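In what follows, a structure is listed as structure tokens, so that the remarks can point back to it.
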Amino acid sequence: MMAGTPIVEDETPPTRDPTYYISDGNTVLQVENTLFRVHRSMLVKDKSTFDSMFSLDAYTQNTEDVYAPSNFMTEGESDENPIRLHGDKADEFRALAWALYSLPAEIAVSMTIQANDLQLIHLARIAHKYQFRSTEMWALSALTQFHSNSPASGGGSPPVQNLVQITELSILCEYEPLRNAAVAKWNRLLGEGRAVAVAIGVAERLNLRKLLGLAYYSMMLKGREVWDSDPQLNARQRVRLLSGHYNLIKLCEDLPNTPPRLTHDSSCIRKGKCKNAFGALWKLVLTTKEGGLVGQVMKLQSADLLAKVMLAESVVRAYVEGNISQLDLSSVEGVGEVQMHEKCLPIALAASQDKVKEVQEHLVEWFSDVV
């Protein structure tokens, strides 16, 4: 009855679902190799696709009754002639039946259990397909709430395969809050060095550019030995990693001498010297030469651009907030004993923060297909 790509029928006879083959139901549906018997009145809720489908059936029957033989049996009235839903999964339809038949209290209790994460994914997907609009929005909202509020540790991240499905679902349903929650989970995994190749594949397939840049960046930091041995990466992706490594090394080499653009407060009357002081501070943090803070604070890879700008932003913040003693900027070549104008300090901090955001947002652009 439902249009779809022809599938090869299972040779084994279908079995009745233990929960949703309801004895007084009036419609039998087959999903994969499972039979469901439910009430049509439940399926037509929310002006779903089934509502239109059954209305068309009723019209067809009324116009063809005069020609139908006495033993004519309509689709969905028996196990022998069920409505076949091609392209769906039994778990998805089971989740839909659960949502349609459960009492509010039962749903509320079950939603406190993380195991229902996959059930909600199934529900949202099939509700989207058959246009159960309110059910779809409820499932998407519940998924978003759970994954936005779950703790950073102690089981806060779903299994990777579930996270893949959540991300796909957020794009399919065009639901930005769930997409943001999913991307935040991916970022956490990447920060832990987990599922990096999977994140690259998902971000490429779904065109999630910011996540893609961070995923490539995380894989790049693992080193070429890891890229070459990871079976989930293809040749093109390895070329992009090599290209990104080269580009980021060049950017890191230039970074100490290219501070963020600094605007000035209107009360700043020595803008040139103020700008030089900020440039000196930036260089003092990031230079790899003797006296530079980057080598003293932590050992960073030569291509770790993001970590370096984040370090610079944190030092500028501490300097602006007075949490570190006045730095001797005169130690930087070409800078005399100067300080930034007091009211330009928060502007310098904002410029440093913008630099971090710029690097995060444009990481993917440095991972091209050409070395």
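Just a few scattered comments:
- Cross-link partners of Lys222 among lysines (Cα-Cα below 28 Å; sequence separation of 8 or more within a chain): Lys185, Lys210, Lys250, Lys283, Lys289, Lys299, Lys308, Lys355, Lys357
- Each label was represented as a point 7 Å from its Cα along the Cα-to-Cβ direction; for Asn257 and Ser141 these points are 5.7 nm apart.
- Taking amide H as placed 1.01 Å from N in the peptide plane, the amide H of Thr287 sits under 5 Å from that of Leu293, Val294, each at least 5 places away or on another chain.
- Length available on full extension from Thr19 to Ser314: 0.36 nm per residue minus the Cα-Cα distance, which gives 100.5 nm.
- Qualifying lysines (Cα of each under 21 Å from Cα of Lys89; at least 8 residues distant if same chain): Lys45, Lys129
- In order along the range 184-189, the phi-based Karplus estimate (6.51 cos²θ - 1.76 cosθ + 1.60, θ = phi - 60°) of 3J(HN,Hα) comes to 4, 5, 4, 4, 5, 4 Hz; Gly and Pro are listed as x.
- Built from the Cα atoms of the range 200-310, the convex hull projects on average onto 9.2 nm², one quarter of its surface area.
- Take the Cβ atoms of Asn234 and Gln360, set R0 to 22 Å, and the FRET efficiency comes out at 0.30.
- Cross-link partners for Lys343 among the lysines, with Cα-Cα distance under 19 Å and sequence neighbours closer than 8 places in the same chain left out: Lys271, Lys273, Lys275.
All of the numbers you see were taken from the coordinates with simple rules; none came from a lab. Keep in mind it's a predicted model, so treat the numbers as computed, not measured. Here the Cβ is made from the backbone with ideal geometry for all residues, glycine too, and neighbour counts use every protein chain on show.
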